[in-house]
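Written out below as structure tokens is the structure these notes cover.
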Amino acid sequence: MTTEPLSFELSRPAVDPPRLPDADVPGPAPAGVLPSELLRSRPPGLPRLSEPEIMRHYSRLASLNYSISENFYPLGSCTMKYNPVLNEQAAALPGFAGLHPYQDEESVQGALELMWRLEQALCAVVGVDRVTLQPAAGAHGEWTALRMIAALHHSREEKRTEVLVPDSAHGTNPASAALSGFHVVEVKSGADGRISLADLESKLSPQTAALMLTNPNTLGLFEREILDIAEMVHATGALLYYDGANLNAFMGICRPGDMGFDAVHMNLHKTFTTPHGGGGPGAGPVGVKSDLVPFLPAPTVERTNGHLTLDYKHPQSIGRVRSFYGNFGMLVRAYAYILAMGGDGLSQASQDAVLSANYLRKLVETDLEMPHDGPCMHEFVASAHNLHEDGVRALDVAKALLDRHFYAPTVYFPLVVPEAIMVEPTETESKATLDSFATAIKEIVAQARADPQSLHDEPRNLPVGRLDEVTAARKINAYLQGQSEDPILRWKAPSETLPKDPC
Amino acid sequence: MADRRYTKTHEWVTVDGREATIGITDFAQSQLGDVVFLELPSAGRKLAARETFGVIESVKAASDLYSPVAGRISAVNDKLSSKPELINSDPFGEGWILKLELAGELPPDLLDEEGYKKVTEASAQ
Amino acid sequence: MAMLEAIGVESMNDLLVDIPQSLRLESLQLPNGLSELETMAQVSALAGRNRVYADRLTFRGGGMYRRFIPAAVAAVTSKPEFYTAYTPYQAEASQGTLQAIFEYQTLIAELTGMDVSNASLYDGATAVAEAAMMAHVQTGRSEVLVSGYLHPEYVQVLRAFGEGRGIKVRRGDQPGKKTAAVIFQQPDFLGLLVDAPALTRAAHDAGALAIACADPISLAILAAPGDYGADIAVGEGQQLGLSPSFGGPHVGFIACKRDLVRKLPGRLVGTAHDAHGRRGFVLALAAREQHIRREKATSNICTNHSLCALAAAVYLTYMGPYGLRQVAEVSFTRAHNLAARLASLPGWELAFPDRQFVNEFPVRVPKAPAVVRKLARKGILGGLDVSRWFRELKGVLTFTCTEVNDARALDELLAALG
């Protein structure tokens, strides 16, 4: 495998533009009508390539990627499970892909019906009263939920300024809380990896607007005392928010709504198999209990006697969080998945995910440190701390896995475990795959003991080895501070990167 | 350097007359890793003790910087903008960050060498 | 069973002991699963209940447009190596995605005339809101000024974002001492051109930033935001190779001047080298982001719209500078042809006859709702009734014309109105 030049480097001025229609009607050209101040002075510096060159370029780039369609992707917290190809076919149906969002409601009854049915299904899975499908991603959903929580407190004329977030939480939790105008107060985990009730007690106050929690938590452990936690939080008048990143652990086994959560976000791109696309698009619907329903983003989809409408009349709504109605194409995929799986299939999926995680945990429990007792739910966090004295770190284990045709687990997260290695196998993987992954871990640990230095040179079999991010970051900062003309964050024609003033 | 004092947030301060010099400790730079950027204030700004005055970044971490003492910034280490690695190579010397014209007494909660050692041992656990 | 045995437990329930018994469900209140055949039949039935207008007979825009999409776009984005990969955390195994994003960043920077673009945002509306946040942080001021007809849904999203951060959204053209940014759309929601250079100067004179929300195709012919000195350029990238899909998913773009790059939200990809001197691509300046900076991050965005950005990159690479210009010019000429013909219909007139436009324009028509219904009966998706958002625009429809609306389609539209 080798690297691929940039499209800009492959560009040839001799390439003709693609054949496109002419106007075929009389009418002015831009230069004939518009003042020169509004006209572009030179064409944008886009590359010039023929179609075969473009297709080869992207095919070669594709070959430099690792994906779930190729093999195991044990990235903890990310729920990398197989994306059924049926979903893609469903979303591409002209009856969906060809719809303009401002068509008359009568002409989009099928689309609205799908959104309504998806909302009903998600309500059933997480145990809430209503769901908004508008948020475009998980973090967007978190923020949407917090805006609703803020609006509810505001409507009660309560001034609550703090949001509690466990130290093991995803980084999006505190970021979403801050973006929503709250102060973030951290709650500590106890030695058993679960939230410390004593610390929670001490942080709860009349200022508390909400506690953000994921359950199972990011260590893969179910918060056994969730009912007590909910009672404590509600007793102070605060709400309980559920980060749905870990929903794949218990579909059909239990529901956040029954645990006492008031607002729940879901990642359709994790639990409901819409593809991750190399970093999106996803979709982050939010489910709420009745108290929060008046504050849902508008419009909602309503159904009366089989007729569907978009309802904009929500005077207490937090407003709109995204243009149009959300990532509709992702909603189609998730709905197709739920139809195909059914209630029975979703329950089986979660049980299989828990089984896979516990099985894999067992296979490697003597090779890596297990900072917390099992059983785990759908994922587990190990630690490479036991390799520390050999000079081997979690990052080395990750890179060595890449060389063995696996993607790496999430490393260095959650922050509460040193040298964390977070593994989420999902229901997709067979026993044989899990066995071979465990074998790879055992080989790597043996190599760490025998020849630790060699691990620092991995990966060796990929298009590039470890990249020097420190030098790159320093060069970027030099550019940003005006000390260099090479931005690093984009390509520039060679002549443009030369210093303007050679002195 | 018996007269070097420390904070729990891993800054150090030395005082010469009414001038204080501030930096981050060797322990702090080793935890951060290779420093790639510092966001620093300009000279002239007044700082209260424990006030945030900047941010220090490595590739994988970022940390706020707190002033151990109160005073007016009299100098900022300009070399750090093009050579942030000085923080790693010489945190107590060439990697100094700010000089302050002291206002008032040193806060009583500054740690001595011994006290700071205990803090680093606790966070290493 | 072998797996349970290996774990050392007897049943699945032994793995679920931490869940309080009172929370355990018997089953989900959902029907049982279906075969692929039945699933597709149900989903297709829903799709069949929607009416799809032909591309060439779609004259409605309002922020979502019918454009020619080269076959190369779907051929690339449907490669499972791209669409089933995660965010490229492990650079060595993700060079395809990383390089594609790097190329996208460069393409957007070139198109907008800006120094640096990020890896993508959700949509045009959230891109406007994120840009306003940047201006708020950069200037320390707490008001943003919305000039003219910015897409009404973008304004709504901006207000919702602003409320959390204590940013006030005001309409007007006169920035003051509290103004963090002046936001304008070029062309605006009605399709009209605004005096972007003058708005930019006014913003700068007041110590505020200028945020240009630009139509990406129009940038083949219109001055780039970077050319007239805007600080941040944002926009909706749907027209760059993505079908309307009832409003999403598409891609929001954001690009800015050098001095604002550290305030940019979301992912950024840069170049780096390995020990053998080979060039590769990595996620860069990550210390701005939520997974490191947590509550102090520039934004909470994590998952963005990478695959849509890939589509945009393929589209722009396919078109090249002159193909893109051809697309923009054909749209321009046809729209002006259509505008003249519509304005000559009895009782019809251009709503803003003194204003210039590119390929979308407002027309004042008698009995607008009836006109739209009449066109729909003939299979034509006619102009957008903008009085839904703007009371002063009662009777105004905006029509859009692009390269997909061929000469005969224009004739059909006129015939249908005759």
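Scan segment C:289-309 residue by residue and report those that are facing chain A (nearest Cβ under 7 Å), touching a residue at least 60 places away in the same chain (Cβ under 8 Å) and assigned to a helix (DSSP H, G or I).
Hits for segment C:289-309 are C:SER306, C:LEU307, C:CYS308.
I need the full set of residues from segment A:50-65 which are in a loop (DSSP other than H, G, I, E, B) and in contact with a helix residue (DSSP H, G or I) (Cβ under 6 Å, 6 or more places away or on another chain), in order please.
Residue satisfying the conditions is A:LEU64 alone.
Test C:LEU98 against the stated conditions and say whether it is part of a helix (DSSP H, G or I), in contact (Cβ under 8 Å) with a residue 12 or more places away in the chain and at the interface with chain A (Cβ under 7 Å from one of its Cβ atoms).
No.
Counting only residues that are surrounded by fewer than 24 Cβ atoms within 10 Å (Cβ to Cβ) and not acidic (Asp, Glu), which one in segment C:225-238 is farthest from C:VAL261 (Cα to Cα)?
C:TYR228
Where residues in segment A:309-347 are hydroxyl-bearing (Ser, Thr, Tyr) and more than 25 Å from C:THR39 (Cα to Cα), which of them is surrounded by the most Cβ atoms within 10 Å (Cβ to Cβ)?
Selected residue: A:SER323.
Name the single residue that is farthest from the other protein chains (Cβ to nearest Cβ) among those in segment C:47-66 being among the basic types (Lys, Arg) and surrounded by fewer than 20 Cβ atoms within 10 Å (Cβ to Cβ).
So, considering only residues that are among the basic types (Lys, Arg) and surrounded by fewer than 20 Cβ atoms within 10 Å (Cβ to Cβ), the one farthest from the other protein chains (Cβ to nearest Cβ) is C:ARG56.
For segment B:94-118, how many residues meet the condition of being assigned to a helix (DSSP H, G or I) and β-branched (Val, Ile, Thr)?
Summing the residues that are assigned to a helix (DSSP H, G or I) and β-branched (Val, Ile, Thr) in segment B:94-118 gives 0.
If I ask for residues that are touching a residue at least 24 places away in the same chain (Cβ under 8 Å) and within 11 Å of A:TRP491 (Cα to Cα), which ones from segment C:109-121 would you list?
Within segment C:109-121, C:ALA109, C:ASP115, C:VAL116 qualify.
Could you list, in sequence order, the residues of segment A:251-310 that are basic (Lys, Arg) and part of a loop (DSSP other than H, G, I, E, B)?
Residues satisfying the conditions are A:ARG255, A:LYS270, A:LYS289.
Look through segment A:345-354, keep the residues that are facing another protein chain (nearest Cβ under 7 Å) and in contact (Cβ under 8 Å) with a residue 24 or more places away in the chain, and return whichever of them is nearest to A:HIS276 (Cα to Cα).
A:LEU346
Does segment C:199-221 include one or more residues that are surrounded by fewer than 22 Cβ atoms within 10 Å (Cβ to Cβ), touching a residue at least 24 places away in the same chain (Cβ under 8 Å), part of a helix (DSSP H, G or I) and at the interface with another protein chain (Cβ under 9 Å from one of its Cβ atoms)?
no
Which of the residues spanning segment A:196-228 are surrounded by 24 or more Cβ atoms within 10 Å (Cβ to Cβ) and assigned to a helix (DSSP H, G or I)?
A:ILE226
Counting just the residues of segment A:362-392 that are buried (at least 24 other Cβ atoms within 10 Å of the Cβ) and free of Cβ contacts under 8 Å to residues at least 60 places away in the same chain, which one comes out farthest from A:ARG255 (Cα to Cα)?
Per the stated criteria, the residue is A:ALA384.
Within the bounds of segment A:66-82, is there any residue that is part of a helix (DSSP H, G or I), facing chain C (nearest Cβ under 7 Å) and out of contact with any Lys or Arg (no Cβ under 6 Å at 6 or more places or on another chain)?
Taking every residue of segment A:66-82 in turn, none turns out to be part of a helix (DSSP H, G or I), facing chain C (nearest Cβ under 7 Å) and out of contact with any Lys or Arg (no Cβ under 6 Å at 6 or more places or on another chain).
Of the conditions (1) closer than 30 Å to A:GLY279 by Cα; (2) at pLDDT 95 or above; (3) outside the structural domain of A:GLY244 (by TED's automatic domain parsing), A:ALA90 clears all except one; give me its number.
The one condition A:ALA90 does not meet is (3).
Being under 20 Å from C:LEU199 (Cα atoms) and within 10 Å of chain A (Cβ to nearest Cβ) is the filter; apply it to segment C:131-165 and report the residue that is surrounded by the fewest Cβ atoms within 10 Å (Cβ to Cβ).
So, considering only residues that are under 20 Å from C:LEU199 (Cα atoms) and within 10 Å of chain A (Cβ to nearest Cβ), the one surrounded by the fewest Cβ atoms within 10 Å (Cβ to Cβ) is C:PRO152.
Can you find, within segment A:146-167, the residue that is farthest from the chain's Cα centre (by Cα) among those that are within 12 Å of another protein chain (Cβ to nearest Cβ) and of a type in the set (Gly, Ala, Ser)?
A:ALA151
Of all residues in segment C:244-260, count the ones that are of a type outside the set (Phe, Trp, Tyr) and either part of a strand (DSSP E or B) or surrounded by fewer than 24 Cβ atoms within 10 Å (Cβ to Cβ) (or both).
8
Would you check if A:ALA238 is within 20 Å of A:ALA178 (Cα to Cα) and out of contact with any Leu (no Cβ under 8 Å at 6 or more places or on another chain)?
no
Can you pull out the residues in segment A:473-487 that are assigned to a loop (DSSP other than H, G, I, E, B) and under 30 Å from the mean Cα position of the chain (by Cα)?
A:PRO487
Out of everything in segment C:270-288 that is within 7 Å of chain A (Cβ to nearest Cβ) and within 27 Å of the chain's Cα centre (by Cα), what residue ends up being nearest to A:GLY465 (Cα to Cα)?
C:VAL282
Residue check, C:THR77 against (1) closer than 18 Å to C:LEU316 by Cα; (2) facing chain A (nearest Cβ under 7 Å), all met but one. Which one?
(2)
Would you mind telling me which numbered condition in (1) at the interface with chain A (Cβ under 9 Å from one of its Cβ atoms); (2) over 18 Å from C:GLN138 (Cβ atoms); (3) within 20 Å of the chain's Cα centre (by Cα); (4) not polar (S, T, N, Q) C:PHE253 fails?
C:PHE253 satisfies every listed condition except (1).
Considering only residues that are facing chain A (nearest Cβ under 7 Å), over 36 Å from the mean Cα position of the chain (by Cα) and part of a helix (DSSP H, G or I), which ones fall in segment C:13-46?
C:LEU15, C:LEU16, C:LEU23
Looking only at segment A:410-431, which residues are in a loop (DSSP other than H, G, I, E, B) and within 10 Å of chain C (Cβ to nearest Cβ)?
Scanning segment A:410-431 gives A:TYR412, A:PHE413, A:LEU415.
For residues that are surrounded by fewer than 24 Cβ atoms within 10 Å (Cβ to Cβ) and at the interface with another protein chain (Cβ under 10 Å from one of its Cβ atoms), scanning just segment A:280-308, find the one that is farthest from C:THR39 (Cα to Cα).
By that ranking, first place goes to A:ALA298.
When segment A:137-174 is examined, which residues are found to be assigned to a loop (DSSP other than H, G, I, E, B) and either in contact with a Ser or Thr (Cβ under 7 Å, 6 or more places away or on another chain) or within 23 Å of A:CYS254 (Cβ to Cβ) (or both)?
A:ALA137, A:ARG160, A:ASP167, A:SER168, A:ALA169, A:HIS170
Of the residues A:GLN120, A:GLN103, A:GLN89, A:GLN134, only one is part of a loop (DSSP other than H, G, I, E, B) and either surrounded by fewer than 19 Cβ atoms within 10 Å (Cβ to Cβ) or under 20 Å from the mean Cα position of the chain (by Cα) (or both); which?
None of the others qualify; the one that does is A:GLN134.
The values are calculated or read from the model by the stated rules, or taken from the named source; none is laboratory data. Quantities reported herein were computed from a predicted structural model and do not represent experimental measurements. So basically every Cβ, Gly included, is an ideal-geometry build from the backbone, and we count neighbours across all protein chains shown.
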